[in-house]
Amino acid sequence: VQLQAFGGGLVQAGGSLRLTCAPSGRTFSSVYMGWFRQAPGKEREFLAAIMWTDSSTDYVDSVKGRFTISGDGAKNTVYLQMNSLKPEDTAVYYCAAAGRFGRWRFVNEYDYWGQGTLVTVSS
């Protein structure tokens with residue numbers, strides 16, 4: 001199973017980007033999907049997750065109100081709309097999918113990962 005993440009790029013501070021994550025290859029079922037990011041020299045950080053059973057969402061405080069996660073559970077496709085971007089949002093962004101219930105803020109709870117897409121926010 002592979003996830004393809006795309007939509008990253010270079011944007012000025014205050015701008016917007018929309019990331020997309022979709023599966024390729026073998027089909028699978030997921031309970032929830034999430035977005036993480038990793039800046040150089042830092043650990044991978046949880047950003048947002050969406051539960052397919054009730055469409056509930058969760059966000060880390062640093063992106064709450066600026067980022068919105070959405071998607072289609074039947075297609076295992078998830079989006080991340082990012083508004084009011086800041087230079088500190090610069091990182092490689094990863095999507096992930098989990099096949100069972102767990103603690104969706106933790107990297108180890110996910111079964112499948114995308115390859116990452118680079119977001120660079122200039123000041």
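The values are calculated or read from the model by the stated rules, or taken from the named source; none is laboratory data. Here the structure is a predicted model, which means the values were calculated and not measured. Note: ideal-geometry Cβ built from the backbone for every residue, glycine included; neighbour counts use all protein chains shown. With ligands, DNA and RNA removed, areas are computed over all heavy atoms of the protein, side chains included. Shrake-Rupley method; radii C 1.70, N 1.55, O 1.52, S 1.80 Å.
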Among the numbered conditions (1) of a type outside the set (Val, Ile, Thr); (2) in a loop (DSSP other than H, G, I, E, B); (3) at pLDDT below 95, tell me where residue 61 comes up short.
(3)
Tell me yes or no: at least one residue of the range 23-32 is open to solvent by less than 20 Å² (accessible area, probe 1.4 Å) and closer than 15 Å to residue 82 by Cβ.
no
Take the residues in the range 111-123 that are hydroxyl-bearing (Ser, Thr, Tyr) and closer than 22 Å to residue 10 by Cα; name whichever of them is least open to solvent (accessible area, probe 1.4 Å).
117
Within the bounds of the range 110-122, is there any residue that is out of contact with any Ser or Thr (no Cβ under 8 Å at 6 or more places or on another chain) and farther than 24 Å from residue 1 by Cβ?
yes
Checklist (1) over 26 Å from residue 14 (Cβ atoms); (2) open to solvent by 60 Å² or more (accessible area, probe 1.4 Å); (3) in a loop (DSSP other than H, G, I, E, B) applied to residue 108, failing item:
(3)
Within the range 37-53, can you find the residues that are more than 15 Å from residue 78 (Cα to Cα) and not in a strand (DSSP E or B)?
39, 40, 41, 42, 43, 44
Across the range 73-96, which residue is surrounded by the most Cβ atoms within 10 Å (Cβ to Cβ) among those that are of a type in the set (D, E, K, R) and modelled with pLDDT of 95 or more?
89
Filter result (among the basic types (Lys, Arg) and either touching a helix residue (DSSP H, G or I) at 6+ places or on another chain (Cβ under 8 Å) or within 22 Å of residue 120 (Cα to Cα) (or both)) within the range 69-106:
86, 103
So, in the range 1-22, exactly how many residues are surrounded by fewer than 21 Cβ atoms within 10 Å (Cβ to Cβ) and closer than 16 Å to residue 99 by Cα?
3
Residue count, the range 33-53 (criterion: surrounded by 16 or more Cβ atoms within 10 Å (Cβ to Cβ) and among the acidic types (Asp, Glu)):
1
